[in-house]
Structure formats: C-alpha cells, structure tokens
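The values are calculated or read from the model by the stated rules, or taken from the named source; none is laboratory data. These numbers were taken from a predicted model, which means no experiment stands behind them. No Cβ is skipped: glycine too gets one built from the backbone with ideal geometry, and neighbour counts run over all protein chains shown.
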Amino acid sequence: MRLRMVGLAIAALACAYVASPYIALYQFGRALHCGDVKAVSRHVAWDQLRSGIAADVAADFAETPAQPEARVQLAANDLPAFGSGFVTSIATHEVDEHLTPQAIAALATPAAVSAQPGLAQVRLTHAFFTSPTSFDVALRTASGEHVRLRMNLIGDDWKITRAWLPMDMLEGRHPT
C-alpha cells in the first residue's frame, strides 16, 4: 500500500513537471492578450533574451553588406574585430532600448492587433522538451513567419530565455 502511494506521488509529480512548461506558455500568452506587463515580465529572462536577439541582429548585419564590393573591403580590413564589436554594441543598445516588457505587452493591444493582424494570429506548431530543463516552442504567424522560442527552467519557473525571430520582425517590417 505504501509503495503504491509513493508510486502515485511520483507519477503526479512527473505529470506536473511535464505539464509545467505548457502551463507557463499558456500563462504568457494570456498575459500578452490581456496586456499585463507584470505577468509578461515574470515569464521572460530579459537579459538572456535581449542578449540572444542582439547577437542575431549583429550577425545578420555583419553577414549582409549592402554592396557586393563591401565583402572584399571587409576581408581586406585590418580592424574587423573593432567593426564587429561596434555593430554588436549598437545592436545591444537598440535591443535593450526596444525589447521591454511594455513593448512586448503592447503587441497584443487592440491598436497593435488592428495594425498588424498577422501578429495576433500566432499558432503553436510544435512544443517539446530538448532537455530536462529546456523546452522549445515553434510558432507561425498568419503571414507565415516562423518564430522559435526557448524556455528554460530557472529555479522553479519556466522562462523564455531565447527567441529566434525573422529579420523582418526584428527590423519592424511585418509582412501581411
């Protein structure tokens, strides 16, 4: 009898653990829908999220020079580390300034939804564990854009620690 109770307790804890990132993702979605800045903030590890997006922006900028001859000039440049650091610094500043709980919560306001209806109709396409403390989420907007999120177990909470966004979204151009 006692062994059965221990088994049931372990099974209940396992079920709660497996369900917990899905619940956190649902709560984050509800917080966005309601425009609840505090609740949005609770579900995001802001420093990690900003760092990853800034790295993506800097990498994209460095990989796509405006003119083909810029690649040749970049290869011949004696200070690529300075240039890379400068671009990373600018990207970090811009992301830190614009990626805030208020900005994320504002995405789901009625004005934002009417201006960009494709962003409001985000569908979950996949959600799965990648490790015991990491959970990946794949989303698709109504316009077909793919968004990927990573949630990590930090303490006893699942938080969004990384987002891979289409460059159009990072640059503020939302296809309709």
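Given the conditions (1) modelled with pLDDT under 85; (2) out of contact with any strand residue (DSSP E or B) (no Cβ under 8 Å at 6 or more places or on another chain), which single one is not true for V40?
All conditions are met except number (1).
Give me a count of the residues in the stretch 119-138 that are crowded, with 17+ Cβ neighbours inside 10 Å and at pLDDT below 95.
Count: 3.
Quick grid of which residues meet (1) under 21 Å from T130 (Cα atoms); (2) among the small types (G, A, S); (3) out of contact with any Pro (no Cβ under 6 Å at 6 or more places or on another chain):
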{"residue": "I10", "(1), (2), (3)": "no, no, yes"}
{"residue": "C15", "(1), (2), (3)": "yes, no, yes"}
{"residue": "V18", "(1), (2), (3)": "yes, no, yes"}
{"residue": "L25", "(1), (2), (3)": "yes, no, yes"}
{"residue": "H33", "(1), (2), (3)": "no, no, yes"}
{"residue": "K38", "(1), (2), (3)": "no, no, yes"}
{"residue": "S41", "(1), (2), (3)": "no, yes, no"}
{"residue": "L49", "(1), (2), (3)": "yes, no, yes"}
{"residue": "G52", "(1), (2), (3)": "yes, yes, yes"}
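For residues that are surrounded by fewer than 14 Cβ atoms within 10 Å (Cβ to Cβ) and in a helix (DSSP H, G or I), tally how many sit in the stretch 34-64.
4
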